[in-house]
Amino acid sequence: MSEEPCTYVIFGATGNLSRLKLMPALYHLEVAGRLPEGTMILATGRRPWDRDKWISEVKDMLIAKARNGLDEKVFEHFKQRLHYFEGNLTDPNMYPAMRDFINNAPEFPQHVAFYMSIRPAEFGVVVQNLSEASLLDEEHGWRRVIIEKPFGYDLDSARALHQRISRYLREDQVYRIDHYLGKGTVQNV
């Protein structure tokens, strides 16, 4: 399997899951030399932050959570990957703006993984909006959606969610991180 750079777009990047788990995990991949050169991380959130504020927040997260403390030299490299996009994920107008932001910045690889660090009730609307803004089109690179947390609230809601996102994504485009299957097990849905 080749390691290709991609753009990780993190919905809910300013929330607890990102703060406690996701950003430290990405940093530890950097420490281990496992993030391909050129990989970028685009955080999305409603907060009126800019890139510098996001980098400062990430540094604070990592000071609190990094194993063996924060390595300043590694962080200098890691922070070059960090970008921030302000937007409300329930606003359909955010998605075309995000598409233009990604497409007009040559540093963003066209392989894109959308990481859903949001409430399960928001998964469907986000996937629909991504599709309607052509952000799931694979003309110039692959597109994947990663869902962490319970996939729905019960069996009926899980089936409804699966049916809804299946309108916009092929099965091989959806990955679920399921903590009930074991610590951080990743599965195609």
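Which of (1) assigned to a helix (DSSP H, G or I); (2) of a type in the set (D, E, K, R); (3) surrounded by fewer than 19 Cβ atoms within 10 Å (Cβ to Cβ) is the odd one out, the single condition GLU57 does not satisfy?
(3)
For the list (1) in contact (Cβ under 8 Å) with a residue 40 or more places away in the chain; (2) open to solvent by 10 Å² or more (accessible area, probe 1.4 Å); (3) touching a Leu at 6+ places or on another chain (Cβ under 8 Å); (4) over 21 Å from GLU148 (Cα atoms), I need the number of the one condition that VAL31 fails.
Here VAL31 meets the rest and fails (3).
For the subset of region 159-178 comprising residues that are open to solvent by less than 50 Å² (accessible area, probe 1.4 Å) and not in a strand (DSSP E or B), which member is farthest from ILE10 (Cα to Cα)?
Filtering first and then ranking leaves LEU161.
Mind listing whichever residues of region 34-54 are open to solvent by 20 Å² or more (accessible area, probe 1.4 Å) and part of a strand (DSSP E or B)?
MET40
All but one of (1) modelled with pLDDT of 95 or more; (2) within 21 Å of VAL145 (Cβ to Cβ) hold for THR90, so report the exception by its number.
(1)
The values are calculated or read from the model by the stated rules, or taken from the named source; none is laboratory data. Not measured: the values here are computed from a predicted model. As a convention, Cβ positions derive from the backbone with ideal geometry for all residues, glycine included, and neighbour counts pool all protein chains shown. For accessibility, only protein heavy atoms count, side chains too; no ligands or nucleic acids. Shrake-Rupley method; radii C 1.70, N 1.55, O 1.52, S 1.80 Å.
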